Amino acid sequence: MIARILAMRYGIVGVMAWLVAQDRVLATVEIADTWATRARGVLGRDSIDGALVLQPARSVHTIGVRFDLDVAYCDADLNVLEVVTMKPNRVGVPRRRARVIIEANARSFERWNISAGDRLELRL
């Protein structure tokens, strides 16, 4: 939705944003907010440069994904509900309260110090 609003209003396509926690920039993020971009996700990639934000989303799978993923299940306000690491070819259990999912290369969340209870932000 964020990317669509910017594209419609300003003609900006492929918007990159920043993932921020407590005024600390953690990574660049790619926003997947359409059915097509969410369905593609990280398929066909060998890694993620930064993070991928899937919105709306309650669950993810790693079928066809080539690498381990850190997955943060977040509510609509980007409060982290749960963080898991998923190996390739797994199906994640939907989280009822999740509305946004953030994916990154495995161990990224440990480096960025992201855990359940954290509040994240997306900044343009």
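The values are calculated or read from the model by the stated rules, or taken from the named source; none is laboratory data. Note that this is a predicted model, so its numbers are computed, not measured. Virtual Cβ from ideal backbone geometry, glycine too; neighbours counted across all protein chains shown.
The table below gives the values:
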{"quantity": "Hits in segment 80-124 (condition: among the hydrophobic types (A, V, I, L, M, F, W, C), out of contact with any helix residue (DSSP H, G or I) (no Cβ under 6 Å at 6 or more places or on another chain) and in a strand (DSSP E or B))", "calculated": "VAL80, LEU81, VAL84, MET86, VAL91, VAL100, ILE101, ILE102, ALA104, LEU122"}
{"quantity": "Number of the exception - SER47 against (1) part of a strand (DSSP E or B); (2) farther than 23 Å from PRO94 by Cβ; (3) of a type outside the set (Asp, Glu)", "calculated": "(1)"}
{"quantity": "Where THR28 falls short, out of the listed (1) of a type in the set (Ser, Thr, Tyr); (2) at pLDDT below 95; (3) under 22 Å from ALA116 (Cα atoms)", "calculated": "(2)"}
{"quantity": "Boolean, ILE12 is surrounded by fewer than 14 Cβ atoms within 10 Å (Cβ to Cβ), touching a helix residue (DSSP H, G or I) at 6+ places or on another chain (Cβ under 7 Å), farther than 19 Å from LEU120 by Cβ and at pLDDT below 85", "calculated": "yes"}
{"quantity": "Matching residues in segment 40-87 - criterion: being in contact with a Ser or Thr (Cβ under 9 Å, 6 or more places away or on another chain) and β-branched (Val, Ile, Thr)", "calculated": "VAL42, ILE48, VAL71, VAL80, VAL83"}
